[in-house]
Amino acid sequence: MKAETILQQNSFKAVMLALCSVLLNVQVSFAQDAGIEQEIIDLSKNKWQWMADKDVDKLASLFHDKSKFVHMSGTWNKQRELEIIESGSIWYKNADVHQVVIEVFDDTAILWNRITLQAVVRGNEVSNEFTATEVYKKQGSEWKLLDLTFSSVRDTHKIE
């Protein structure tokens, strides 16, 4: 009877140890995801500022070589977006971010910003409500922007 009791106690300890290990791994995973999410949110915030500052050097480093930019008037590649920013054809004066939602999938992150964008487009000052969808991919130790898509929305729009 004593051997059976010891065996049951050892089995219980093994189950408890396994459970604790699983819970610890889950906590670490959530902490890592939260860290990645904050990193992407900060990167997106910096991107809006670099666009306002027309800092094409920082943007060129952030934008993936095959990135695409979807605007109300068309879709173009990295080089064209940088030319547009540098020339001031579109000057992203300020992106007032109202809401941010982010999902991370392994080495890919998708961020949705609900923004009011103040810009100068071909000399005309405009203000538009958008959901800006940003897709990032981890490349080596850096995150690269693959896609920036502007979707026109109403000011009551919420991202769920």
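The values are calculated or read from the model by the stated rules, or taken from the named source; none is laboratory data. As the structure is a computational prediction, the values presented were derived from the model and not from experiment. Note that each Cβ is placed from the backbone with ideal geometry, even for glycine, and that neighbours are counted across all protein chains shown.
Laid out as a table, the results:
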{"read-out": "Pairs where the first residue, in region 38-64, is within 17 Å of Asn77 (Cα to Cα) and the second is surrounded by fewer than 17 Cβ atoms within 10 Å (Cβ to Cβ) and at pLDDT 95 or above, C-beta under 6 Å, 6+ apart", "value": "Val56/Glu86"}
{"read-out": "Whichever residue in region 116-143 is crowded, with 18+ Cβ neighbours inside 10 Å and in contact (Cβ under 8 Å) with a residue 40 or more places away in the chain and, among such residues, is nearest to Glu86 (Cα to Cα)", "value": "Glu134"}
{"read-out": "Complete set of residues in region 56-75 that are in contact with a strand residue (DSSP E or B) (Cβ under 7 Å, 6 or more places away or on another chain) and either under 14 Å from Leu145 (Cα atoms) or outside any strand (DSSP E or B) (or both)", "value": "Leu62, Phe63, His64, Ser67, Lys68, Phe69, Val70, Met72"}
{"read-out": "Given (1) assigned to a strand (DSSP E or B); (2) at pLDDT below 95; (3) touching a Phe, Trp or Tyr at 6+ places or on another chain (Cβ under 6 Å), number of the condition Ile159 does not satisfy", "value": "(1)"}
{"read-out": "Selection within region 144-160 - within 20 Å of Glu83 (Cβ to Cβ) and of a type in the set (Lys, Arg)", "value": "Lys144"}
{"read-out": "Flag if Thr75 is at pLDDT 95 or above and surrounded by fewer than 16 Cβ atoms within 10 Å (Cβ to Cβ)", "value": "yes"}
